[in-house]
Amino acid sequence: MPVKFEVNGKRVEVEVEPRLTLADCLRHKLRLTGTHVGCEHGVCGACTVLVDGAAVRSCLMLAVQAEGAKVVTVEGLSRDEGLTPLQASFRKHHALQCGFCTPGMITTAHALLSEEPNCDADRVREVLSGNLCRCTGYISIVEAVLDARTAYRRRGGGNGA
Amino acid sequence: MSTTAPKRASNLFVGSPIERLEDLRFLTGRGQYVDDLAVENMLHAAILRSSVAHGRILSIDSSAARARRGVHAVITAADIGTVPTIPLRHDPTPAIRRFEQPVIADGKVRYVGEPIAVVIAESAALAEDALEAIAVDIEALRVVADREFARKDDIILFETVGTNVPDTITAVRGKADDAAFNSAPYRRREHFSVQRHAAVPMEPRGLLAEWDDANARITVRGACKVPFTNRRALAQMMNLPEASVRMVEYDVGGGFGARGEFYPEDFLIPFAARLLGRPVKWTEDRRENLTALNHARDMECDLEIACARDGALIALRAHACTDIGAYVRTNGATAARNIAQVLAGPYRIPHVRVDVSLVITNKTPVGTYRGPGRFESDFCRERLFDMAAADLGVDRVEFRRRNLIREADMPYPLPKVQVLDIESECDSGDYQITLDRCLAEFKWAERAKLNGKLIDGRHHGIAVGCYLEGGGTGPRENVRLAVEADGSISLFVGSSSVGQGVETVFAQIAADALEVPMERINRVLHGSTDYVAQGFGSFSSRSIVMGGNAIGDAAQKLRTLIREAAAKRLQCQASDIVIDRGMAVGPAPARAAIALKEFAGLCADGTFASAKRTYSYGAHAAYVAVDAKTGHVELIDYVAVEDVGRIVNPLTLHGQCIGAVVQGLGGAFLEHFIYDENGQLLTGSFADYLMPTASDFPQIRAVALEDKPSPLNPMGAKGAGEGGIIPVGGVVANAVAAALGSLGVEPRDLPLSPPRLWQMIQAARATCAAR
């Protein structure tokens, strides 16, 4: 069946099977492979994307449920050249190694900082505890997110990545 | 061979916290992992896996599945003919080789998750749908669900072999016999165990195989860790010349020892691609990943030490047993070998004998996982040391200090692994320095006042432990450096990337060795079999030691070529030419400079060979608070100090250490593959198999030193990827024991999950009350 939604600011119309997850739709139909699939049961958070501003596990959502929604993936939170302040902070703090969980971390952190640019370390840990990373031990990720808060404060939240 | 490390002053990049090159693509969603690939005409595979742990396959009827819409083939053992087994990559004793895994269940199934059939269809969904249409009739056999039952040999997994014990690996130093123990003033013997858990990288495995019929050539995308070794194995199994097999490495979402070994799918997917003449892609889902990818650890150990009254160790002996699951996989004996070799750790113990039996059960086969055998060994040894120190009234720190190998003892031999004839020795180090630094960073003296105290309703405890990390495994590594048309340098290397940052650290090393700016190293091409004639991959903390020193060799040769070419042009001696900031500069007074692009086309091959391993070392300390009412342990502070010989990138090294510590904490407190008596995995999802999250262990500190370079390579480098995990289980278990000393709780088994620790506390209280 056809589904129409917006991805990273562009309107798309895709023909999908009703059972296709949003994650698979983004990856294999729209070729937005920055969104990763790590567990397909909603635990690891690698597939996190923004749906109407909220961080959502795209492996637990069907593509057809995205009808009319605004979806943003890690590609949509990136610039053509260089890094956003959030991404630069991840790089500076070495908050990634293999990079597989990273898009989910970026989207999750972006949703958090957009809403709560003054969040403290405990809040960052609480929110990120829904995303598994096997490489870093998380400490550098928490530091990176905390360090990126200033960029979101400056822009008054919103799409400040 | 040079034994002095180059002076830091001449280096710009090695030793600096350079931000990673890889990050630019990973952070923007432009990484390319194997499941991101799509090619024309591609078909998809799904694998039917056994739901029975032990049974005889009576029949497989795949006709209904074959008839399904979109299904192109169903492959079973019968379609393959003579089913090949997967060759051992490490330690292939004849005894162990009898237990190699067939690439698809051949008459019998021996673990839940074993591949029985492969469906190839138009889409992954259609392939998965068709799995349920395959009718497999399996006569269930009695399941061998644990070590103890396996060793009785009542039920045999491999009837033709006649035993469930493939081999026993023994390592010896001195003479740890009854005489040594009977004459000792003090001895203690205890039984320990470490649970089955695993590497569990975040990216599930995947492969994309393409058969080129015109040239009879197979390309396999998604290789990593040891692509060259796997090329050899696949070529043999597919009856192709090695040159007709191409392995291509993409971004890899974590390895930790498990990913990149040769698994059944590494044959099945290329086989399907050749059979159908179409590209075939397979992506593992997490459920199958947890029963298909190598498990690890799962050992028990009966350990005894003998010492003098002052704590000076005299002898150590042990019988350990590792449950290696249903088959011996590529490196299934490595953990056992390591246990034999390193159970004695970084300590001077004159007499050592360790026997490690490998036992077959109806579970997922095991392989190496970061610090294989070392994590397990350290837990057992360090626990027993704390018990012995308490018995003897010797301070725990003093006990270790007294027994650590001294710098004057170097090189100090590890126990010799007998059947495999492996000899190794600690290459260099001052183990007291890392211990002292760890205690200082940790503020041991201050915190010792809290040890064993009940504060605000929780029991507080501290502990410290020492370890060795073997790295730099040979035999060699190969590198090619080439000057490109734009004057940039391409670096080709046989080392592999599993997400650890080799592109960055290799670019740092190459830039320094060539004395060019780092951005001149525009491509670091690793892993794939296209790049160098023979590569050896990334395992056993070898990439910087082997690949890094090979870069040094290639750079020296390329510099010579550039100097010779420049000298010819400037009509001077090659020795007059200086390479500076990416230019070849002639002698004074003219100092004519030639840009590197003028030398486009020059290239040099370099190699580094070593038969000796490096040994990094260090000490970790932990401070915990235990809630006796719930069994919950809070890790209040954790300090890791290591000496890695030579630090290339402090940022990535720090990341390796912290990440490894947290993985170790997962193994110590959380992660557990639990099987029932029918061989069914009860913790086969991320809801049940618990890994550390961002809120679990927020306080970990790591310090890296480079006081004692390795004498075995020009860089002075030692391995650095695994040290962080090795001592964790022992250190935190000792901290928990120290916290609960008043209750008499002595952890002997991991994991220390809240329910298990709570039960131990209850049992200790009951014992106390009974007295």
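I want to confirm something. Restricting to the range B:602-641 and keeping residues that are outside any strand (DSSP E or B) and among the polar types (S, T, N, Q), which single residue is farthest from B:Lys718 (Cα to Cα)?
Pass one, the range B:602-641, residues outside any strand (DSSP E or B): B:602, B:610-613, B:628-631.
Those left that are additionally among the polar types (S, T, N, Q): B:610, B:630.
Values: B:Ser610: 12, B:Thr630: 42 Å.
The selected residue is B:Thr630.
Only one of these conditions is not met by B:Arg232: (1) within 14 Å of chain A (Cβ to nearest Cβ); (2) more than 30 Å from B:Ala668 (Cα to Cα). Which number is it?
(1)
Looking at the range A:41-53, is at least one residue surrounded by fewer than 19 Cβ atoms within 10 Å (Cβ to Cβ), under 15 Å from A:Leu132 (Cα atoms) and at the interface with chain B (Cβ under 8 Å from one of its Cβ atoms)?
yes
Taking the conditions exactly as written (in a strand (DSSP E or B) and of a type in the set (Lys, Arg)), does B:Arg337 satisfy them or not? Show your work before the answer.
On the way: in a strand (DSSP E or B): no; of a type in the set (Lys, Arg): yes.
No, not satisfied.
Any residue at all in the range B:74-91 that is within 14 Å of chain A (Cβ to nearest Cβ), without any contact (Cβ under 8 Å) to a residue 60 or more places away in the chain and either assigned to a loop (DSSP other than H, G, I, E, B) or within 30 Å of B:Gln508 (Cα to Cα) (or both)? Please lay out each step first, then the result.
Quick first cut of the range B:74-91, residues within 14 Å of chain A (Cβ to nearest Cβ) only: none.
Scanning the range B:74-91, I find no residue that is within 14 Å of chain A (Cβ to nearest Cβ), without any contact (Cβ under 8 Å) to a residue 60 or more places away in the chain and either assigned to a loop (DSSP other than H, G, I, E, B) or within 30 Å of B:Gln508 (Cα to Cα) (or both), so the answer is no.
Do you know which of the residues in the range B:48-104 that are among the small types (Gly, Ala, Ser) and touching a Lys or Arg at 6+ places or on another chain (Cβ under 9 Å) is surrounded by the fewest Cβ atoms within 10 Å (Cβ to Cβ)? Explain how you work it out, then say what you get.
So the first thing to find is which residues in the range B:48-104 are among the small types (Gly, Ala, Ser), and the list is B:50-51, B:53, B:55, B:59, B:62-65, B:67, B:70, B:73, B:77-78, B:81, B:95.
Still in the running and touching a Lys or Arg at 6+ places or on another chain (Cβ under 9 Å): B:50, B:53, B:55, B:73.
Numbers: B:Ser50: 24, B:Ala53: 29, B:Gly55: 22, B:Ala73: 20.
If we take residues in the range B:48-104 being among the small types (Gly, Ala, Ser) and touching a Lys or Arg at 6+ places or on another chain (Cβ under 9 Å), then B:Ala73 is surrounded by the fewest Cβ atoms within 10 Å (Cβ to Cβ).
Look at A:Gly34 and say whether it is at positive phi and within 14 Å of the chain's Cα centre (by Cα). If you could, list the steps in order and put the result at the bottom.
Working: at positive phi: no; within 14 Å of the chain's Cα centre (by Cα): yes.
So A:Gly34 fails the test.
For the range B:473-518, what are the residues that are under 25 Å from the mean Cα position of the chain (by Cα), of a type in the set (S, T, N, Q) and in a strand (DSSP E or B)?
B:Asn478
Kindly list, by first and then second residue, each pair from a residue in the range B:40-64 that is free of Cβ contacts under 8 Å to residues at least 40 places away in the same chain to a residue that is of a type in the set (Gly, Ala, Ser) and assigned to a strand (DSSP E or B), limited to pairs with Cβ atoms under 9 Å and residues at least 6 apart or on different chains.
Here the result reads B:Ser63/B:Ala135, each pair linking the range B:40-64 to a residue that is of a type in the set (Gly, Ala, Ser) and assigned to a strand (DSSP E or B).
Name the residue that is surrounded by the fewest Cβ atoms within 10 Å (Cβ to Cβ), counting only residues in the range B:684-734 that are in contact with a strand residue (DSSP E or B) (Cβ under 9 Å, 6 or more places away or on another chain) and among the hydroxyl-bearing types (Ser, Thr, Tyr).
Checking each candidate, the answer is B:Tyr689.
Test A:Asn118 against the criterion of being away from chain B (no Cβ under 13 Å) and either on the phi > 0 side of the Ramachandran plot or not acidic (Asp, Glu) (or both), and give yes or no. Steps first, please.
On the way: away from chain B (no Cβ under 13 Å): yes; either on the phi > 0 side of the Ramachandran plot or not acidic (Asp, Glu) (or both): yes.
Yes: the conditions hold for A:Asn118.
Please enumerate the residues belonging to the range B:30-47 that are surrounded by 24 or more Cβ atoms within 10 Å (Cβ to Cβ) and at the interface with chain A (Cβ under 10 Å from one of its Cβ atoms).
B:Gly31, B:Asp35
Do you know which residues across the range A:80-97 are at pLDDT 95 or above, more than 8 Å from chain B (Cβ to nearest Cβ) and over 22 Å from B:Val498 (Cβ atoms)? It would help to see each step written out before you state the result.
Of all residues in the range A:80-97, those at pLDDT 95 or above come to A:83-97.
Cutting the leftovers down to more than 8 Å from chain B (Cβ to nearest Cβ) gives us A:84-86, A:88-89, A:93, A:95.
Passing the criteria: A:Thr84, A:Pro85, A:Leu86, A:Ala88, A:Ser89.
Does the range B:425-432 contain at least one residue that is of a type in the set (Ser, Thr, Tyr), in a loop (DSSP other than H, G, I, E, B) and at pLDDT 95 or above? Before you say what the answer is, go through the steps one by one.
Keep residues of the range B:425-432 that are of a type in the set (Ser, Thr, Tyr), which gives B:428, B:431.
Next, only the ones that are in a loop (DSSP other than H, G, I, E, B) stay: B:428.
From what is left, the residues that are at pLDDT 95 or above are B:428.
Yes, that holds for at least one residue.
Taking interchain pairs and intrachain pairs at least six residues apart, which have beta carbon atoms under 6 angstrom, with the first residue in the range B:364-383 and touching a residue at least 12 places away in the same chain (Cβ under 8 Å) and of a type in the set (A, V, I, L, M, F, W, C) and the second crowded, with 24+ Cβ neighbours inside 10 Å and part of a helix (DSSP H, G or I)?
B:Phe375/B:Gly729; B:Phe379/B:Gly729; B:Phe379/B:Gly730
In the list B:Ala574, B:Ala566, B:Ala554, which residue meets the criterion of being surrounded by 24 or more Cβ atoms within 10 Å (Cβ to Cβ), over 35 Å from the mean Cα position of the chain (by Cα) and in contact (Cβ under 8 Å) with a residue 12 or more places away in the chain? I'd like the intermediate steps shown before the answer.
Details: B:Ala574 fails: surrounded by 24 or more Cβ atoms within 10 Å (Cβ to Cβ); B:Ala554 fails: over 35 Å from the mean Cα position of the chain (by Cα).
Selected residue: B:Ala566, the only one of B:Ala574, B:Ala566, B:Ala554 that is surrounded by 24 or more Cβ atoms within 10 Å (Cβ to Cβ), over 35 Å from the mean Cα position of the chain (by Cα) and in contact (Cβ under 8 Å) with a residue 12 or more places away in the chain.
Step by step: first the residues of the range A:121-145, then only those that are of a type in the set (Gly, Ala, Ser) and buried (at least 20 other Cβ atoms within 10 Å of the Cβ), then the one that is nearest to the other protein chains (Cβ to nearest Cβ). Which residue is that? Lay out the reasoning, then the answer.
Start the filter on the range A:121-145 by keeping residues that are of a type in the set (Gly, Ala, Ser), which leaves A:121, A:129-130, A:137, A:140, A:144.
Pick out the ones that are also buried (at least 20 other Cβ atoms within 10 Å of the Cβ) and you get A:137, A:140, A:144.
Details: A:Gly137: 3, A:Ser140: 6, A:Ala144: 10 Å.
Restricting to residues being of a type in the set (Gly, Ala, Ser) and buried (at least 20 other Cβ atoms within 10 Å of the Cβ), the top hit is A:Gly137.
Do we find that A:Gln65 is at pLDDT 95 or above and either surrounded by 24 or more Cβ atoms within 10 Å (Cβ to Cβ) or within 9 Å of chain B (Cβ to nearest Cβ) (or both) in this structure? Outline the logic, then answer.
Details: at pLDDT 95 or above: yes; either surrounded by 24 or more Cβ atoms within 10 Å (Cβ to Cβ) or within 9 Å of chain B (Cβ to nearest Cβ) (or both): no.
No; evaluated as a whole, the condition is false for this residue.
From B:Ala733, B:Ala660, B:Ala702, B:Ala668, which residue is at the interface with chain A (Cβ under 9 Å from one of its Cβ atoms) and either under 19 Å from B:Leu435 (Cα atoms) or of a type in the set (A, V, I, L, M, F, W, C) (or both)?
Details: B:Ala733 fails: at the interface with chain A (Cβ under 9 Å from one of its Cβ atoms); B:Ala702 fails: at the interface with chain A (Cβ under 9 Å from one of its Cβ atoms); B:Ala668 fails: at the interface with chain A (Cβ under 9 Å from one of its Cβ atoms).
Of B:Ala733, B:Ala660, B:Ala702, B:Ala668, the one residue that is at the interface with chain A (Cβ under 9 Å from one of its Cβ atoms) and either under 19 Å from B:Leu435 (Cα atoms) or of a type in the set (A, V, I, L, M, F, W, C) (or both) is B:Ala660.
So is B:Gly174 within 14 Å of chain A (Cβ to nearest Cβ) and in contact (Cβ under 8 Å) with a residue 40 or more places away in the chain or not? Walk me through how you get there before you give the answer.
Working: within 14 Å of chain A (Cβ to nearest Cβ): no; in contact (Cβ under 8 Å) with a residue 40 or more places away in the chain: yes.
Here the answer is no, as B:Gly174 does not meet what is asked.
Can you tell me which of (1) farther than 24 Å from B:Gly721 by Cβ; (2) part of a loop (DSSP other than H, G, I, E, B); (3) under 30 Å from the mean Cα position of the chain (by Cα); (4) modelled with pLDDT of 95 or more is the one B:Gly452 doesn't meet?
The single condition B:Gly452 does not satisfy is (3).
Table: residues versus (1) more than 17 Å from B:Glu722 (Cα to Cα); (2) of a type in the set (A, V, I, L, M).
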{"site": "B:Asn338", "(1), (2)": "no, no"}
{"site": "B:Val342", "(1), (2)": "no, yes"}
{"site": "B:Asp355", "(1), (2)": "yes, no"}
{"site": "B:Phe379", "(1), (2)": "no, no"}
{"site": "B:Ala390", "(1), (2)": "yes, yes"}
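Restricted to the range B:435-449, and to residues that are of a type in the set (Lys, Arg) and assigned to a helix (DSSP H, G or I), which residue is farthest from B:Asp643 (Cα to Cα)? If you could, list the steps in order and put the result at the bottom.
First pass over the range B:435-449, keeping only residues of a type in the set (Lys, Arg): B:437, B:443, B:447, B:449.
Now drop any that are not assigned to a helix (DSSP H, G or I), which leaves B:437, B:447.
Working: B:Arg437: 11, B:Arg447: 24 Å.
Among those that are of a type in the set (Lys, Arg) and assigned to a helix (DSSP H, G or I), it is B:Arg447.
Restricting the search to the range B:710-728, which residues are modelled with pLDDT of 95 or more, among the hydrophobic types (A, V, I, L, M, F, W, C) and under 13 Å from B:Tyr467 (Cα atoms)?
B:Ile725, B:Ile726, B:Val728
So which residues in the range B:452-510 are among the small types (Gly, Ala, Ser) and within 14 Å of chain A (Cβ to nearest Cβ)?
From the range B:452-510, those among the small types (Gly, Ala, Ser) are B:452, B:457, B:461, B:463, B:465, B:470-472, B:474, B:482, B:485, B:487-488, B:490, B:494-497, B:499, B:501, B:507, B:510; that's our starting set.
Hits for the range B:452-510 are B:Ser496, B:Ser497, B:Gly499, B:Gly501.
The values are calculated or read from the model by the stated rules, or taken from the named source; none is laboratory data. Because the structure is a prediction, the values reported are computed rather than measured. All Cβ positions, even for glycine, are placed from backbone atoms using ideal geometry, and neighbour counts span all protein chains on display.
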